[in-house]
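Novice: Below is a structure I'd like to ask you about.
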Amino acid sequence: MKAKRDREVQTIRLILAALKDRDIAARGDGNAEGIGEDAILSLLQSMVKQRRESIALYEKGGRLELAQQEAEEIEIIENFLPKQMDEGEVEAAIAEVLEETGAQTIKDMGKVMAALREKYAGRMDFGKASGKIKAKLC
């Protein structure tokens, strides 16, 4: 705040507000401890995903200044996420989980995705991983 970095302050406030909302909802559902680390990582990833979708819409509509603001927010949010896995690491993780679960057909897709989410929450783009898994199981 003292450095007058308004975009960072605004984005951090958005993150904190979303976390408080999730925490209140979790406590209302009977979870006295609130939300865990996995839920926080999931929230941050969904915030990044929302902003990427917004960038595409803003660019399509010719609102480049708004697209730039969203890109800046993505950079700030990603500072709070663990380092993302590269393509090779994702491929290796998928192969490992396919072997562990014994997945053979597309019917096993849910089991594979659940195992990946459990092991690599916050570090893997599960949308891209899903396409790679489908290609291997079909």
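Novice: Taking ASN31 and the conditions (1) under 12 Å from PHE80 (Cβ atoms); (2) polar (S, T, N, Q); (3) modelled with pLDDT under 80, which numbered condition does it fall short on, given that it satisfies the others?
Specialist: (1)
Novice: Hey, another quick one. Looking only at residues that are β-branched (Val, Ile, Thr) and assigned to a helix (DSSP H, G or I) in the range 93-133, which one is farthest from ASN79 (Cα to Cα)?
Specialist: So, considering only residues that are β-branched (Val, Ile, Thr) and assigned to a helix (DSSP H, G or I), the one farthest from ASN79 (Cα to Cα) is ILE106.
Novice: As an exercise: evaluate ASP38 against (1) under 24 Å from PHE126 (Cα atoms); (2) modelled with pLDDT of 80 or more and give the number of the one condition it does not meet.
Specialist: Of the numbered conditions (1) under 24 Å from PHE126 (Cα atoms); (2) modelled with pLDDT of 80 or more, the odd one out for ASP38 is (2).
Novice: Here are VAL48, VAL9: which of them is assigned to a helix (DSSP H, G or I), in contact (Cβ under 8 Å) with a residue 24 or more places away in the chain and among the β-branched types (Val, Ile, Thr)? Talk me through it step by step, then tell me what you get.
Specialist: On the way: VAL9 fails: in contact (Cβ under 8 Å) with a residue 24 or more places away in the chain.
So the residue among VAL48, VAL9 that is assigned to a helix (DSSP H, G or I), in contact (Cβ under 8 Å) with a residue 24 or more places away in the chain and among the β-branched types (Val, Ile, Thr) is VAL48.
Novice: Right, next: Somewhere in the range 55-65, is a residue touching a Leu at 6+ places or on another chain (Cβ under 6 Å), over 20 Å from GLU37 (Cβ atoms) and either polar (S, T, N, Q) or part of a helix (DSSP H, G or I) (or both)?
Specialist: Yes, the conditions are met somewhere in the range 55-65.
The values are calculated or read from the model by the stated rules, or taken from the named source; none is laboratory data. Please read all numbers here as calculations on a predicted model, not as lab measurements. Cβ: placed from backbone, ideal geometry, glycine included. Neighbour counts: every protein chain shown.
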